[in-house]
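Read-outs: derived from the displayed coordinates by stated rules, not from any lab. Here the structure is a predicted model, which means the values were calculated and not measured. No Cβ is skipped: glycine too gets one built from the backbone with ideal geometry, and neighbour counts run over all protein chains shown.
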Amino acid sequence: MGWGGGLLHSHVQTYPVGSNQQQVTCYHYKDNNNEWTVSPDSEMRYLKHDDVIRLRHVPTMRNLHSHTVVAPVSKLNYEVSC
């Protein structure tokens with residue numbers, strides 16, 4: 001069974017350059033740092049186009065976001081952090 005590009009993964013380490021915020025990457029093995037909750041956590045339902053949700057990293061309780069800081073590895077995309 002393959003995970004394609006990887007699982008959304010974060011941990012307490014921060015980016016050493018750029019925003020210095022919590023790193024978010026893809027990881028190819030399942031562990032506790034791949035756990036995210038969807039907010040608002042109302043009754044289970046299918047998401048629709050234009051729905052606004054928030055992904056919160058379970059171990060650190062920080063919210064996923066991106067901003068206009070160049071990614072430290074790819075340099076072609078923006079950094080994703082918590």
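Here are a few things to note about the model shown:
- Assigned charges on the beta-carbon of Lys, Arg, Asp, Glu; the chain dipole about Cα centre (debye): 120 debye
- Look at the alpha carbon pairs under 8 Å that are at least 6 residues apart: their mean separation over the length of the chain gives a relative contact order of 27 percent.
- Note that region 1-72, at 25 °C in a medium of 0.890 mPa s, gets a Stokes-Einstein diffusion coefficient of 177 µm²/s from its Kirkwood radius over C-alpha pairs.
- Where Rh is the Kirkwood radius over Cα pairs, Rg/Rh for region 39-82: 1.09
- Here the extension length gained between Val38 and Thr60 equals 6.5 nm, from 0.36 nm per residue of separation less the Cα-Cα distance.
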